[in-house]
Amino acid sequence: MSYCLNSALVMLFTIQLTHCNPEWHKSAIWYQIFPDRFYNGDPSNDPTVETLAGTWPYEKQNSWQVMPWTSDWYKPQPWEIENGGGFYYNAQLRRYGGDIQGIIDKLDYLHQLGINAIYLNPIFESPSSHKYGTRFYHHIDNNFGPDPLGDEQIWKDENPADPSTWKWTSADKLFLELVKQVHYRGMKIIIDGVFNHVGIPFWAFEDVRNKGKNSQYVDWFTIHFWDDSTTSIDEFDYDGWNGIMDLPVLKEDENGLILPIQDHIHEIIKRWMDPNGDGDPSDGIDGWRLDVAEQVDINFWRTFNKWVTDINPEAYLTGEVWWDDFWTNEMINAAPWLGDEVFDGVMNYRLADALFKFFIDKKKKITRLEFANILQTMINDYGLEQFHSVQNVLGSHDIERIASACVNPDRWIDHANNLQFNPEFMVHRPNSKERQIQKLLIAFQFLFPGNPYIYYGDEAGMWGADDPDCRKPMVWSEFDYENEVYHPYRLDKQFDSVAVNSDLMTFYSNLIQLRKKSTCLNSGEFRIENVSSEELFVFSRFQHHSRITAIFNRSDDVQQYPLDIKNVLNNCVQQMSINSTNSDKIRARDFQIWTCNDR
């Protein structure tokens, strides 16, 4: 009780009460931001060619510039033509200048949309665009802040291994201002914790590379071979994440990460969750998204959970617990990672996989019964109460965007879904029919148990294949964008204009408002209704005497209500659909939401 009272007193001056809601994540509307591609709020801090050092492809670039925000995605810039590397080589070199100031500038946009929880892709110092190859965990990337060169000088006066020497850079301070502004608006913010692997420039790995066996951090990594200085070949070999040598893996023992690494990460947790160390976490982040969490021993996450909850009992932890067997498209049952001792939620790609198979696929589509069994199995695996806290992901920085998924049926999610591996993957803007399918998926996501999760730009109608195309710069209404006419392999491509899809934006806004005013969608029971039509899927969410029933028509034809649906809809009033009117039928690729009184 004393903790909540103290928080209320502290936040009285900013009007917003950001704590004393230990289950805030059950009503979360998540929004994922890839910082370099969201908004450039401060062009003065844009990356330079020198900041590319230490990340793939490692070759010195003689000609390079920050990309024009509004350029045709596949169109090569002059510097890209000069280096001759091709699209997929240059895509990894591209930087667009998105930064922390840009996120602050667009908080009101997110707030007005109805977003109340933000997840940021990695923001710690790293030379890569995605920031998964960390250099420092204790500093925000200097090109995300207002004084990149000044921040570099601060680094030089520190010992990364000694927290007593750590200072606050301009980027760090601006990030804390972002946290303050998020909380002022009654929103929450979590950040990406990448604690399985680091980057080539990571301070401890650099020490090992420079000092060899004499480095005090030699036990932090699994070294297979040391470089022989008498040869012209670099024999240095070590464990890299998934065999990728850009990302050295941190060493584990039977307790997870070894103790010296754990001690360092514990200091990182404290720094970002209670920045001023006064015991009040209201100035810190509200939790973590843990990268490739199933690849770190679960015992470490139990320790991690205790560190976090000791600082902030209301913090939210979610894990990227994804693949059981990628090569057979088998996703993992994440139940062991869910609960009080590990994570509150996981990124639930299992729902996206099921929705793609039922609503998008044509030749390989699953039946209504198969779909129902998949959904019920998911809920049974985690338990409905726990399921209320999972993040139901339809798109992210790691998979094709929802819009492009709807254009490309009959393929596995996240499997070679770009032109580099699959030249037949269609990268054009969705047509009206495909947009309707997209709306079916989004409506299902918002009505199903668990938290809706929006990947930046999906609400604006952005499309794109798997990485790197899913990481295009955000489409904003104040900018005029070049038409997409180029193809990376110079093949024929349809003409696509690029602009905010206001119809889809309104659609998202309406669903968000429905979700917020209907408590049964946040924590209510779930029931699949038995119907005789193969093309219709019906389920209800209910709490006490309140019920919401949703009907989805996946077919290309109008469907007449069978008698069993009419019985379900007794005492119900239609609230929302794409095209359907209040009648006894539902149009092609449409849905209906009904509110019901069961008294």
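The values are calculated or read from the model by the stated rules, or taken from the named source; none is laboratory data. Values in this document were obtained by computation on a predicted structure and should not be read as measured data. For neighbour counting, all protein chains shown are included, and Cβ atoms are generated from backbone atoms with ideal geometry for every residue, glycine included. With ligands, DNA and RNA removed, areas are computed over all heavy atoms of the protein, side chains included. Shrake-Rupley method; radii C 1.70, N 1.55, O 1.52, S 1.80 Å.
Here are a few things to note about the model shown:
- Total residues in the range 542-557, condition surrounded by 13 or more Cβ atoms within 10 Å (Cβ to Cβ), of a type outside the set (Phe, Trp, Tyr) and over 19 Å from Phe371 (Cα atoms): 4
- Filter result for Gln92 (within 22 Å of the chain's Cα centre (by Cα) and buried (at least 21 other Cβ atoms within 10 Å of the Cβ)): no
- Given (1) free of Cβ contacts under 8 Å to residues at least 40 places away in the same chain; (2) among the charged types (D, E, K, R); (3) surrounded by fewer than 19 Cβ atoms within 10 Å (Cβ to Cβ); (4) more than 17 Å from Ile261 (Cα to Cα), number of the condition Glu206 does not satisfy: (4)
- When Asn210, Asn312, Asn305, Asn255 are checked against the criterion of being among the polar types (S, T, N, Q), at pLDDT below 95 and closer than 23 Å to His138 by Cα, a single residue qualifies: Asn210.
- Against the criterion of being in contact with a helix residue (DSSP H, G or I) (Cβ under 8 Å, 6 or more places away or on another chain) and touching a residue at least 40 places away in the same chain (Cβ under 8 Å), Trp220 qualifies.
- Some residue of the range 397-406 being among the polar types (S, T, N, Q) and part of a helix (DSSP H, G or I): yes
- Here the strands (runs of 3 or more DSSP E) wholly within the range 275-353 that include at least 2 residues being open to solvent by 30 Å² or more (accessible area, probe 1.4 Å) and not basic (Lys, Arg) are 323-325.
- Options Phe421, Phe444: the member that is aromatic (Phe, Trp, Tyr) and part of a helix (DSSP H, G or I): Phe444
- Candidate set from the range 499-527 (those that are assigned to a loop (DSSP other than H, G, I, E, B) and surrounded by 15 or more Cβ atoms within 10 Å (Cβ to Cβ)); member that is modelled with the lowest pLDDT: Ser518
- Residue selected from the range 486-497 under the condition open to solvent by less than 70 Å² (accessible area, probe 1.4 Å) and farther than 15 Å from Ser432 by Cα, by the criterion farthest from the chain's Cα centre (by Cα): Lys493
- Single residue of the range 367-420 satisfying the filter (among the basic types (Lys, Arg) and surrounded by fewer than 21 Cβ atoms within 10 Å (Cβ to Cβ)) that is farthest from Arg554 (Cα to Cα): Arg411
- As a summary of the residue check, Phe479 satisfies the conditions (1) of a type outside the set (Asp, Glu); (2) outside any helix (DSSP H, G or I); (3) surrounded by 17 or more Cβ atoms within 10 Å (Cβ to Cβ) except for the one numbered (3).
- Candidate set: the range 166-192, residues that are within 15 Å of Ile154 (Cβ to Cβ) and small (Gly, Ala, Ser); chosen: the one most open to solvent (accessible area, probe 1.4 Å): Ser170
- Enumeration of residues in the range 354-366 that are of a type in the set (Val, Ile, Thr) and open to solvent by 20 Å² or more (accessible area, probe 1.4 Å): Ile366
- Annotation note: of Ser540, Ser583, the sole residue that is under 30 Å from the mean Cα position of the chain (by Cα) and either in a loop (DSSP other than H, G, I, E, B) or free of Cβ contacts under 8 Å to residues at least 60 places away in the same chain (or both) is Ser540.
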